[in-house]
Amino acid sequence: MRQALRELHERHAGDRGGAPADYIPELAKGDPDRFGLAIATAGGELFQAGDALAEFTIQSVSKAFAFCIAIEVIGRAAVLGRVGVEPSGDAFNAIVFDPRTNRPFNPMVNAGAITIAGLLHERFGDAAFPLLLDRMSQAAGQRLAVDEAVYRSELETGHRNRAIGHLLRNCGAITGPVDAILDIYFRQCAILVSAIDLAWMGATLAHIGEHPGTGRQVFDLGAVRDTLAVMFTCGMYDYSGGWAFNVGIPAKSGVGGGIVGVVNRQLGIGTFSPRLDAQGNSVRGIRVFEDLASDFGLHAFECLNQGSVFVTSLLR
Ligand code: GLN
């Protein structure tokens, strides 16, 4: 695995396609050529290559974890009453709601994630962000911090998200003060992680909510299943269908250049490369996941991927 990651890193390091996000001014400042890979197994092993320790902001990757936490602490029915689980096929920052329900399509696009922040604010007020940070830190296996400069940069320039927030308030998907809710959302997006953190966070989901290194139960079992399902269908924005077809690994990407992938019961995969394609997904990240999925047979419907060990052990 170590060798494979090194080879993958070498194979794709020369790919300079795409460009870092610059609509959040602070995001454009990092070195665009950083490239880190990490894999954590459900058995607690870690493999890495390149800039696996380099830190970047988690951005939309946080949406998967915030949804997982919300399902547990707010309740599934209450969450699903405010946000759907349908792939929208729209861009991550689309100002489009489901015409039938007048609710955001899913929690992986901005409108849905801001709704999740709204639900957490309704229940926990100012304690909502510390709750998110605590749980995400437990999933990473170490204390995570917020990049204050990126947070402020988005707070000052995030007018589109502010517009989405007010529309959500207008249609009743959120009920609290828009600014306080956006503050949670902008902060959660500015949490600093490395490819290694993402690999552990993914491995915690893969290991049905228990961090494979610390042994701590971080997420609720049922919430993990719901989260992986939504990651599988909606995690890569308007490339989600192509991703499910070509890669077949539940995943979530962010405009900071990170992607987290989860091979159920087996692996957490974290990649970091800031150059993005037109859909806002990391160019090299996609290539690495495509190669990993095909080289190791990780696609969910790959005939060599045995899937749930519960079932295989029952059949034995
Ligand atoms: N904070 C970013 C935004 O709301 C997150 C988007 C993303 O990672 N796709 O625009």
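Return yes when A145 is surrounded by 24 or more Cβ atoms within 10 Å (Cβ to Cβ), at pLDDT 95 or above and within 27 Å of Y23 (Cα to Cα) and no when it is not. Full working, then the answer.
Details: surrounded by 24 or more Cβ atoms within 10 Å (Cβ to Cβ): no; at pLDDT 95 or above: yes; within 27 Å of Y23 (Cα to Cα): yes.
Answer is no for this residue.
Scan V178, V193 and give me the residue that is modelled with pLDDT of 95 or more and crowded, with 24+ Cβ neighbours inside 10 Å.
One residue alone meets the criteria, V193.
Could you check segment 202-223 and list, in sequence order, the residues that are touching a His at 6+ places or on another chain (Cβ under 9 Å) and in contact (Cβ under 8 Å) with a residue 40 or more places away in the chain?
A203, T204, V218, listed by residue number.
Tell me, which helices (runs of 4 or more DSSP H) wholly within segment 1-113 include 2 or more residues that are in contact with a Ser or Thr (Cβ under 8 Å, 6 or more places away or on another chain)?
Per the criteria, 61-73.
For segment 118-135: of the residues being within 15 Å of the ligand (Cβ to nearest atom) and not aliphatic (A, V, I, L, M), which is surrounded by the fewest Cβ atoms within 10 Å (Cβ to Cβ)? Can you show your working first?
Taking segment 118-135 and keeping what is within 15 Å of the ligand (Cβ to nearest atom), we get 118, 129, 132.
Next cut, not aliphatic (A, V, I, L, M) only: 118, 129.
Numbers: G118: 28, F129: 21.
For segment 118-135, the residue satisfying everything is F129.
Write out, first by first residue and then by second, each pair whose Cβ atoms fall under 6 Å of each other, whose residues are 6+ apart or on separate chains, and whose first residue, in segment 50-78, is more than 13 Å from the ligand (Cβ to nearest atom) while the second is among the charged types (D, E, K, R) and at pLDDT below 95.
none
Hey, could you check segment 277-294 for residues that are within 18 Å of G50 (Cβ to Cβ) and over 15 Å from the mean Cα position of the chain (by Cα) and say which is surrounded by the fewest Cβ atoms within 10 Å (Cβ to Cβ)?
Here the residue is E290.
Are there any pairs, at least 6 apart or on different chains, whose C-beta atoms fall under 7 Å, with the first in segment 29-44 and in contact (Cβ under 8 Å) with a residue 60 or more places away in the chain and the second acidic (D, E) and buried (at least 19 other Cβ atoms within 10 Å of the Cβ), and if so, which?
Correct list of pairs: R34/D51; F35/D51; G36/D51.
Okay, residues lined up against (1) farther than 22 Å from A91 by Cα; (2) touching a Lys or Arg at 6+ places or on another chain (Cβ under 6 Å); (3) assigned to a loop (DSSP other than H, G, I, E, B); (4) within 16 Å of the ligand (Cβ to nearest atom):
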site: S137; (1), (2), (3), (4): yes, yes, no, no
site: A149; (1), (2), (3), (4): yes, no, no, yes
site: N161; (1), (2), (3), (4): no, no, no, yes
site: L168; (1), (2), (3), (4): no, no, no, yes
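Inspect segment 30-45 for any residue being of a type in the set (K, R), surrounded by 15 or more Cβ atoms within 10 Å (Cβ to Cβ), over 21 Å from C171 (Cβ atoms) and more than 16 Å from the ligand (Cβ to nearest atom) and give the result as yes or no.
Yes.
If you check every pair at least six apart or on different chains, which have Cβ atoms under 7 Å apart with a residue in segment 88-100 that is closer than 16 Å to I114 by Cα first and a residue that is more than 12 Å from the ligand (Cβ to nearest atom) and of a type in the set (S, T, Y) second?
Between residues of segment 88-100 that are closer than 16 Å to I114 by Cα and residues that are more than 12 Å from the ligand (Cβ to nearest atom) and of a type in the set (S, T, Y), the close pairs are A94/S88; V96/S88.
Tell me which of these A94 doesn't satisfy, since it passes every other one: (1) within 16 Å of the ligand (Cβ to nearest atom); (2) under 21 Å from R152 (Cα atoms).
For A94, the failing item is (2).
Go through segment 184-227 and count every residue that is part of a loop (DSSP other than H, G, I, E, B) and within 16 Å of the ligand (Cβ to nearest atom). Spell out the reasoning first.
Looking only at segment 184-227, we keep the residues that are part of a loop (DSSP other than H, G, I, E, B), and these are 190, 194, 207-209, 211-216, 218-220.
Filter once more, keeping what is within 16 Å of the ligand (Cβ to nearest atom): 190.
The total comes to 1.
Do the conditions hold for T227, that is, is it under 30 Å from F35 (Cβ atoms), of a type in the set (V, I, T), crowded, with 17+ Cβ neighbours inside 10 Å and out of contact with any Asp or Glu (no Cβ under 9 Å at 6 or more places or on another chain)? Quick ask: steps written out before the conclusion?
Values: under 30 Å from F35 (Cβ atoms): yes; of a type in the set (V, I, T): yes; crowded, with 17+ Cβ neighbours inside 10 Å: yes; out of contact with any Asp or Glu (no Cβ under 9 Å at 6 or more places or on another chain): yes.
Against the criterion (under 30 Å from F35 (Cβ atoms), of a type in the set (V, I, T), crowded, with 17+ Cβ neighbours inside 10 Å and out of contact with any Asp or Glu (no Cβ under 9 Å at 6 or more places or on another chain)), T227 qualifies.
The values are calculated or read from the model by the stated rules, or taken from the named source; none is laboratory data. Just so you know, these numbers come straight off a predicted model, no measurement behind them. Using ideal geometry, Cβ is built from the backbone for each residue, glycine included, and neighbour counts are taken over all protein chains shown.
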